[in-house]
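Only the coordinates and a few stated rules stand behind these numbers; no lab work does. The model shown is predicted, which means the values in this text are computed figures rather than measured ones. Glycine also receives a Cβ, built like all others from the backbone with ideal geometry; neighbour counts cover every protein chain displayed.
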Amino acid sequence: MTFKKRELLSLTAGLASTFAIGAAPAWAGKPIKLGYASWTDSEFVARLLAKLIGDNLRTPVELVRTDIALLFQGIARGDLDVMMMAWLPVTHADYWKRIEGKAERLGTFYKGRNGWVVPGYVPEAELSSIADLTKPEVRKKMGGIIQGIEPGAGLTRISLGALEAYGLDGYRLQEASELAMLSVVDRALRQERWVVATAWSPHWMFGKYDLRYLADPKKALGGEEESIALGRPGLSKDHPEVAAFLSRVQITLKDLEQGMLVSQEKDFDTAIGRFIDEHATTVQGWLAGA
């Protein structure tokens with residue numbers, strides 16, 4: 001997805017929300033700005049790391065939620081200090097090409113994947129692969145719709161490519177927010193209707209719903225992806241403890257999805273507090289030397 005002119009405006013003008021984590025002590029100095037997109041995994045990790053940085057590294061954190069394109073732009077321009085999270089090598093490849101050499105690659109938090117999912121009750125004998133969507137009877141049950149997420153997402157870009165790769169001329173990708181996509185999936189499951197939606201792991205929906213990925217023999221949606229933290233140029237020099245901390249953070253998909261599910265059933269503060277308590281040894285390893 002290319003940058004649009006409206007995305008090249010000031011990052012500040014494009015912010016959806018900005019807020020500080022905790023009350024910064026007087027000696028803490030200027031907060032670092034940590035940006036994230038409005039996806040559940042990105043927000044959970046951003047809030048978790050902001051709390052750990054603020055509580056343990058004597059550095060206040062200002063969280064900034066905005067569009068993925070503006071996150072990459074903000075890092076390259078120095079408007080943000082850190083961003084969650086670049087998915088490479090495929091999902092955010094277009095954005096990365098535009099800022100490579102203008103950002104620091106920090107830690108790989110986890111390895112995930114993209115794909116299209118269907119409910120578990122859809123018979124695999126009838127639909128096990130994206131290629132099976134070309135069957136007339138399957139297309140009819142799906143209503144010719146692939147339920148997607150927002151237009152600017154890397155998953156949207158590669159999903160449009162998958163439509164072409166598999167010759168899915170009778171389908172359209174219905175772009176919407178993550179919340180809207182989840183609502184469509186939820187309604188379909190309640191009525192036991194067939195539905196196919198764009199998805200990614202980690203996500204809490206796999207803990208709540210019985211869903212399975214469709215096989216992607218053409219690898220149109222990519223393979224295993226790395227979820228990486230990016231820092232602005234000079235971050236390691238200006239905030240060496242923060243950069244070192246971020247380079248050590250690694251989370252299993254199972255632990256992350258469980259934390260995300262708690263954040264949906266309860267709230268983020270409860271989920272993050274529980275995650276820190278239940279993974280104290282792991283968290284101390286991330287903070288080693290702090």
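Worth pointing out:
- Packing rank of 56-68, 137-149, where each peptide gets the mean count of other beta carbons within 10 Å, highest leading: 56-68, 137-149
- Its Cα centre serving as origin, the chain has a Cβ charge dipole (Lys and Arg +1, Asp and Glu -1) of approximately 580 debye.
- Centroid-to-centroid, using Cα positions, segment 262-283 and segment 81-101 are 27 Å apart.
- Crossing angle, helix 253-265 versus the chain [Cα axis fit, 0-90 degrees, rounded to tens]: 90
- Cα pair count fraction exceeding 34 Å, expressed as % - the chain: 23
- Placing one equal scatterer on every Cα of segment 113-213 and applying the Debye formula, the log10 ratio I(q)/I(0) at q = 0.13 Å⁻¹ is -0.40.
- In plain terms, if you count all Cα to Cα distances in segment 83-162 and split them into 10 Å steps from zero, the share in each step is 14, 38, 27, 15, 6 percent.
- Folded to 0 to 90 degrees: helix 40-56 orientation relative to the chain principal axis, Cα: 10
- Taking segment 113-213 and dividing mean pair separation by its residue count, relative contact order in percent (alpha carbons under 8 Å, at least six apart): 47
- Alpha carbon centroid spacing (whole Å) that separates segment 170-194 from segment 27-65: 32
- Relative contact order, percent, segment 162-290 [alpha-carbon distance under 8 Å, six or more residues apart]: 24
- Violating pairs (Cα-Cα greater than 31 angstrom) within the set Lys140/Lys266; Lys97/Lys141; Lys111/Lys218: Lys140/Lys266; Lys97/Lys141
- Helical contribution to [θ] at 222 nm, DSSP H n ≥ 4, -39,500 (n - 2.57), averaged over the chain, rounded to 500: -11500 deg cm²/dmol
- All aspartates and glutamates inside 14 Å of Lys102 as judged from Cα atoms, apart from same-chain residues fewer than 8 positions distant: Asp79, Asp81
- Nearby aspartates and glutamates by direct alpha-carbon distance to Lys219 (threshold 17 angstrom, same-chain neighbours under 8 apart not counted): Asp132, Glu164
- By average C-beta atoms within 10 angstrom, highest first, the peptides 163-169, 176-182: 176-182, 163-169
- Value of relative contact order over the chain, rounded to a whole percent, pairs C-alpha under 8 Å and six or more apart: 25
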